[in-house]
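Below is one structure, written out as structure tokens; comments come after it.
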Amino acid sequence: MKEKPNKVIPDQLRWNCDPSVFSFKTTADIAPLKGIIEQERPIRAIRFGLDIASPGYNIYVSGLTGTGKTTIIKTFLEEIAAKLPRPDDWCYVYNFKEPISPTILNLPPGRAKSFKAEMNELVRNLRTGIPKAFESKDYEENMSRLMKRNQETQQALFERLSEKARGEGFAVELSEVGVSLVSLLDEKPITPEQYEALEEEEKKRIEKKREDLNSEIQSFLRKVRDINKDSREKVAGLRRKVGLYIVGIRIDGIKEQYAEFPKIVAYLEDVQDYILTHLENFNESAQKPNPSEAMQALMESQEDPFLKYEVNIVVDNTNLKGAPIIIETNPTYHNMFGRVQRRAQFGTFSEDFTSICSGSYAKANGGFLVVNAQDVMSNPGVWETLKRAVENREVRIEELGEQSGIVPVAGMRPNPIPADVKVIMIGPRIIYHLLYESEEDFRKIFKVKADFDSEMPRDSRAFQDYASFISSRCNDEGLLHFDPTGVARVVEYGCRLVENQHKLSARFSDIADIVREANYWARNDGRDSVSDSHVQRAVEEKTYRSNLTEERIRELITEGTILVDITGEAVGQVNGLAVIDLGDIRFGKPSRITAKTYMGRGGVVDIEREAKMSGKIYDKGVLILGGYLGAKYAQDHPLALAASLCFEQSYEGIDGDSASSTELYALLSSLADIPIRQGIAVTGSVDQNGRIQPIGGVNHKIEGFFDLCKTLGLAGDQGVMIPIQNVKNLMLRSDVVDAVAAGQFHIYAVETIDQGIEILTGRPAGERIEGSYPEGTINRQVEQRLRQFAEGLRKFGHEEKIPSERA
């Protein structure tokens, strides 16, 4: 028997992969896939972005999760990074001129560790060498000569002052408070009683001499101060000379090793100057305080005097081969840009340059940083700081509050690290488009977009790629290998995921999951390889684990709680199909859509829209219905129609226009007063010309209605009507295909509303001939009813006018 043109034949209901296209016995016989299956468009974009060295050519990688973006990025980066030179090490050292801003130094990879070791060795040597030098016989003799010369000079000055004072009748006395003159009488100090007994003239003479001698005393004191100053300078010079002999030799040795690095040499000169002015820190007495002094120092949180000579390596590339690749999976502010760690001590926090820790951005200097866009946007301060770091080509290690200026933070401000980093940001397309439209800086710093598709062409190369991918998963994870039937079933599963007979899914994380689960069922079955039955079992079990909600809804329908008719006929009622997406599972749900029509001017009123339970796309679909009715049936008279549409027993929001054709069929049935077969469910959107347009989720919709019909009993006249464009999207379950082949279920594909209404009613739609539709056709009856509405409305309007005219 010849099938009706609108019926979809069983061969069109799914695409089956022929296992004979695979020449191996199992996937163990073929080479496993290296990396991931490549896509030409994003691959070319990534290569371009990685190869170009100009500023701003960072890469945004977009696409659905599971398409291999991160794997491909990592593979490319490893290939490119291995050919690039190792970047420098970076370290912070004490800034002797501005202590709150530690100095950043860079050295060739591996040299920072050597420099740190050299500085540690320098301090160890000086802590033993300097005390020994100051305990040497030569130093003590030189110090003794200086002190003796100082004392002799001061003694000579004192003797001259004493001799002059004695000549004037005074004796010079030295005390802790200074130099004083004592009057003499008969070579003996005069007593207060003797002084009071003197004549006034004699007293005045004595005081006059005292005043004259005071100027001599002041001159003596100035000379003593100058002598002491000169002596101190000579002592300091001696100490510096001795210290320079000890320090200079060692620092000069380090300078020679790093002579090609001016910043290192400048730092070593600062170190030398500081040590020579703080030689007391290296005395053994300063290094070994008694217990009470040690406790006092601890309580006062005194700083380690040798801490200033430490080298804090914040980026160490010693063991790196090529350029660094940093994949930051948790891009918080501190993980990305570093921090200055504060140490708690006796109720306060302290910090120094040795507590500076770098973040991922600094560690990726000279290489590549991979981050997730959603994580970057969700962590406070990260996006703004990332933009600034990329634009300024440097990274500052500072607190978030200080960086934003919200909270003033008193503390260190380390000098920025110059940074040349290629940033690869991975995220969904929506974030890319939002940033591109709203962030001008984003366009400047992410000039390359690599867009991964979630599907790929279904061709022989794709078949082999799938087989190689399965082989790699089996090898890497110790799974059972697949025979050709198992691989073919996995390919079909990939086709089902994208709902396109000519495409395969490129979301290989989903494919890998079904491979692992099929392996489980094969092992559970005691087999040594995975076949199609095990893949099928994995798919079914995966669905079963998540379809409790679907079964509960079907149960409500079968017990009559939710009313859905799948047999008989009804006027103004059609079974529509919607897809419910719960994340881990999607399934089709049938719903009764009813229409009521009557005379009026209200047009098509949708109850979901009036109740604010519908989305914008759904509302647009409803508005299109009025345009279709007016254009087709109201060219020579007004469209005097009032109609209401309703998704019966719908208690949640609804969106999408895939039910617009269904609603139109219900309206036409109500207007023509012709019943519709309830055993046929409908999906498809419609335009104002009456052409049926494709929709999504066609497989889930068909299977959802099929499962309901199967539960209630297949009558042989049930089926689903879909847009003809969706035939290529069919990848139905085998039981649905078998039912269609047995004539128990039917799939209809239509192009126009007229074709669909004929299937639903069993009557001809009718085409306009010489201005009118033929008798007995649906379009004729619809048009007649609309004319009756228009005429009736005109009469009512005329009758309402008469009383007002008489008045």
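Quick one: would you say residue 489 is in contact with a Leu (Cβ under 8 Å, 6 or more places away or on another chain) and of a type in the set (D, E, K, R)?
Numbers: in contact with a Leu (Cβ under 8 Å, 6 or more places away or on another chain): no; of a type in the set (D, E, K, R): yes.
So residue 489 does not fit the description; no.
Condition test on residue 372, is it over 30 Å from residue 114 (Cα atoms) and open to solvent by 20 Å² or more (accessible area, probe 1.4 Å)? Give the steps one after another, and end with the answer.
Numbers: over 30 Å from residue 114 (Cα atoms): yes; open to solvent by 20 Å² or more (accessible area, probe 1.4 Å): yes.
Yes: the conditions hold for residue 372.
Out of 600, 560, 572, 568, I need the residue that is without any contact (Cβ under 8 Å) to a residue 60 or more places away in the chain and on the phi > 0 side of the Ramachandran plot. Which one?
Working: 600 fails: without any contact (Cβ under 8 Å) to a residue 60 or more places away in the chain; 572 fails: without any contact (Cβ under 8 Å) to a residue 60 or more places away in the chain; 568 fails: without any contact (Cβ under 8 Å) to a residue 60 or more places away in the chain.
560 is the lone residue from the list that is without any contact (Cβ under 8 Å) to a residue 60 or more places away in the chain and on the phi > 0 side of the Ramachandran plot.
Of the residues that make up the range 509-529, is at least one of a type in the set (S, T, N, Q) and closer than 30 Å to residue 709 by Cβ? Give the steps one after another, and end with the answer.
Pass one, the range 509-529, residues of a type in the set (S, T, N, Q): 509, 519, 524, 529.
Filter again for closer than 30 Å to residue 709 by Cβ, leaving none.
No.
Specify which of the listed residues (69, 25) is over 23 Å from the mean Cα position of the chain (by Cα) and charged (D, E, K, R). Let's see the steps before the verdict.
Values: 69 fails: over 23 Å from the mean Cα position of the chain (by Cα).
Result of the check over 69, 25: 25.
Restricted to the range 627-666, and to residues that are surrounded by fewer than 17 Cβ atoms within 10 Å (Cβ to Cβ) and assigned to a helix (DSSP H, G or I), which residue is nearest to the chain's Cα centre (by Cα)?
Taking the candidates together, the pick is 627.
Could you count how many residues in the range 673-683 are out of contact with any Ser or Thr (no Cβ under 8 Å at 6 or more places or on another chain) and on the phi < 0 side of the Ramachandran plot?
Start the filter on the range 673-683 by keeping residues that are out of contact with any Ser or Thr (no Cβ under 8 Å at 6 or more places or on another chain), which leaves 673, 680-681.
Cutting the leftovers down to on the phi < 0 side of the Ramachandran plot gives us 680-681.
The qualifying residues number 2.
Quick test for you: out of 511, 445, pick the one residue that is of a type in the set (A, V, I, L, M), at pLDDT below 95 and under 30 Å from residue 392 (Cβ atoms).
Values: 511 fails: under 30 Å from residue 392 (Cβ atoms).
Selected residue: 445, the only one of 511, 445 that is of a type in the set (A, V, I, L, M), at pLDDT below 95 and under 30 Å from residue 392 (Cβ atoms).
State all residues of the range 778-796 that are among the polar types (S, T, N, Q) and surrounded by 21 or more Cβ atoms within 10 Å (Cβ to Cβ); if no residue qualifies, say none. Show your work before the answer.
Taking the range 778-796 first, the residues among the polar types (S, T, N, Q) are 779, 781, 784, 788.
If the condition is that a residue be among the polar types (S, T, N, Q) and surrounded by 21 or more Cβ atoms within 10 Å (Cβ to Cβ), then 779 is the only one that fits.
Restricting to the range 167-178, name every residue that is modelled with pLDDT of 70 or more and in contact with a helix residue (DSSP H, G or I) (Cβ under 8 Å, 6 or more places away or on another chain).
Narrowing the range 167-178 to residues modelled with pLDDT of 70 or more: 167, 169-174.
If the condition is that a residue be modelled with pLDDT of 70 or more and in contact with a helix residue (DSSP H, G or I) (Cβ under 8 Å, 6 or more places away or on another chain), then 169, 170, 171, 172, 174 are the ones that fit.
Anything in the range 16-29 that is in a loop (DSSP other than H, G, I, E, B) and open to solvent by 40 Å² or more (accessible area, probe 1.4 Å)? List them, or say none. Give the steps one after another, and end with the answer.
Keep residues of the range 16-29 that are in a loop (DSSP other than H, G, I, E, B), which gives 16-18, 22-26.
Within the range 16-29, 16, 18, 23, 25 qualify.
Can you find, within the range 534-557, the residue that is farthest from residue 701 (Cα to Cα) among those that are open to solvent by less than 70 Å² (accessible area, probe 1.4 Å) and free of Cβ contacts under 8 Å to residues at least 12 places away in the same chain?
Our first condition is that a residue be open to solvent by less than 70 Å² (accessible area, probe 1.4 Å); within the range 534-557, this holds for 534-536, 538-539, 541, 543, 546-547, 549-551, 553-554, 556-557.
If we keep only those that are free of Cβ contacts under 8 Å to residues at least 12 places away in the same chain as well, we get 551, 556.
On the way: 551: 14, 556: 18 Å.
For the range 534-557, the residue satisfying everything is 556.
Which members of the range 310-330 meet the condition of being closer than 22 Å to residue 271 by Cβ and part of a strand (DSSP E or B)? Write out each step before concluding.
Initial filter on the range 310-330 (closer than 22 Å to residue 271 by Cβ): 310-316.
Matches in the range 310-330: 311, 312, 313, 314, 315.
From the list 436, 432, pick out the single residue that is farther than 21 Å from residue 33 by Cβ and free of Cβ contacts under 8 Å to residues at least 40 places away in the same chain. Break it down stepwise before answering.
Numbers: 432 fails: free of Cβ contacts under 8 Å to residues at least 40 places away in the same chain.
When all the criteria are applied, what remains is 436.
Among 703, 758, which is open to solvent by less than 20 Å² (accessible area, probe 1.4 Å) and acidic (Asp, Glu)?
Details: 758 fails: open to solvent by less than 20 Å² (accessible area, probe 1.4 Å).
Only one candidate qualifies: 703.
Only one residue in 263, 204 is farther than 17 Å from residue 146 by Cα, surrounded by 11 or more Cβ atoms within 10 Å (Cβ to Cβ), of a type in the set (Lys, Arg) and modelled with pLDDT of 80 or more. Which one?
Values: 204 fails: modelled with pLDDT of 80 or more.
The unique qualifying residue is 263.
Is one or more of the residues making up the range 133-141 in a loop (DSSP other than H, G, I, E, B) and either of a type in the set (Asp, Glu) or within 30 Å of residue 46 (Cα to Cα) (or both)?
Quick first cut of the range 133-141, residues in a loop (DSSP other than H, G, I, E, B) only: 135-136.
Cutting the leftovers down to either of a type in the set (Asp, Glu) or within 30 Å of residue 46 (Cα to Cα) (or both) gives us 135.
Within the range 133-141 (the criterion being in a loop (DSSP other than H, G, I, E, B) and either of a type in the set (Asp, Glu) or within 30 Å of residue 46 (Cα to Cα) (or both)), the answer is yes, since at least one residue qualifies.
With the range 449-545 as the region, which helices (runs of 4 or more DSSP H) entirely inside it contain at least 1 residues that are under 23 Å from residue 726 (Cα atoms) and among the basic types (Lys, Arg)? Spell out how you get there, then give the answer.
Details: elements: 460-477, 484-498, 508-524, 532-544.
It comes to 484-498.
The values are calculated or read from the model by the stated rules, or taken from the named source; none is laboratory data. Just so we're clear, the structure is a prediction, and the values are computed from it rather than from any experiment. Because the Cβ atoms are built from the backbone with ideal geometry, glycine has one as well, and the counts that use them run over all protein chains shown. For the accessible areas, the whole protein counts, side chains as well, though only heavy atoms, and no ligand, DNA or RNA atoms are used. Shrake-Rupley method; radii C 1.70, N 1.55, O 1.52, S 1.80 Å.
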